[in-house]
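In what follows, a single structure is set out as structure tokens and then discussed.
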Amino acid sequence: MKSRMGMAVIVAFTMGMAVVVSAADFSAWQQKMKITLSGYTKPETLTNFPVLVNLNTNISGFAYSQFSSASGGDLRFSASDGSTELNYEIEKWNTSGTSYVWVQVPVLSSTSSYVWAYWKNPNQTTAPAYTTNGATWKPDFRGVWHLGEASGSAYHFDSTSNRNDSTTNGTSTMATNGPVGGASGRNGSAYGV
């Protein structure tokens with residue numbers, strides 16, 4: 001297996017846990033990258049915790065052209081053991097910039113935590129069901145809204161399995177840039193969800 005090492009930047013943490021998917025054999029993936037999870041400094045160890053991973057071409061050894069699927073369908077993540085497949089959700093896939101991927105990590109601590117990312121497998125170009133069915137988010141999450149819908153959209157879509165999509169009331173500026181991915185601009189009291 002061809003291996004490329006690099007680091008991705010973790011820019012946000014969200015409280016919660018869900019279930020790790022399964023054991024997997026990643027030997028058919030031609031690209032591999034260790035992602036060190038740094039920045040968490042609390043004494044508590046978090047389990048099955050969704051973290052945001054930014055992927056872009058500023059990361060050594062990473063290129064969108066290496067993917068077998070233009071939409072990232074061959075992307076996979078594993079725990080540090082290299083065989084426990086992890087739930088993840090692509091919030092935004094941007095081959096011209098930064099992609100935002102929420103990965104449910106089994107253990108996050110203030111000491112060394114890491115996961116593996118894998119891509120470039122021409123036989124696995126369809127994203128697994130867990131990337132869109134809410135499995136990345138614990139059932140206790142009432143809703144996760146990324147706010148990346150286009151301007152004029154009447155909805156903010158919920159990423160959890162609860163599917164608590166919201167309906168907008170009033171006008172908003174959708175697809176506004178936020179600190180992490182999308183945001184939604186409000187026009188004061190005339191806007192409600």
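Among the residues making up the range 108-125, those that are open to solvent by 10 Å² or more (accessible area, probe 1.4 Å) and assigned to a loop (DSSP other than H, G, I, E, B) are SER109, SER110, THR111, SER112, LYS120, PRO122, ASN123, GLN124, THR125. Among the residues of the range 34-55, is there at least one that is part of a loop (DSSP other than H, G, I, E, B) and either hydrophobic (A, V, I, L, M, F, W, C) or modelled with pLDDT of 95 or more (or both)? Checked against the condition, which is being part of a loop (DSSP other than H, G, I, E, B) and either hydrophobic (A, V, I, L, M, F, W, C) or modelled with pLDDT of 95 or more (or both), the range 34-55 yields no hits at all.
For ASP158, work out the one condition from (1) of a type in the set (D, E, K, R); (2) modelled with pLDDT of 70 or more; (3) within 15 Å of the chain's Cα centre (by Cα) it doesn't fulfil. If we test ASP158 against (1) of a type in the set (D, E, K, R); (2) modelled with pLDDT of 70 or more; (3) within 15 Å of the chain's Cα centre (by Cα), just (2) comes out false. Count of the range 48-82 residues, restricted to those that are of a type in the set (S, T, N, Q), closer than 15 Å to TYR114 by Cβ and either within 14 Å of the chain's Cα centre (by Cα) or surrounded by fewer than 14 Cβ atoms within 10 Å (Cβ to Cβ) (or both), is 1.
The values are calculated or read from the model by the stated rules, or taken from the named source; none is laboratory data. The model shown is predicted, which means the values in this text are computed figures rather than measured ones. Don't worry about glycine lacking a Cβ; one is built from the backbone with ideal geometry, like all the others, and counts go over all protein chains shown. Side chains included, ligands, DNA and RNA excluded: accessible areas come from the protein's heavy atoms. Shrake-Rupley method; radii C 1.70, N 1.55, O 1.52, S 1.80 Å.
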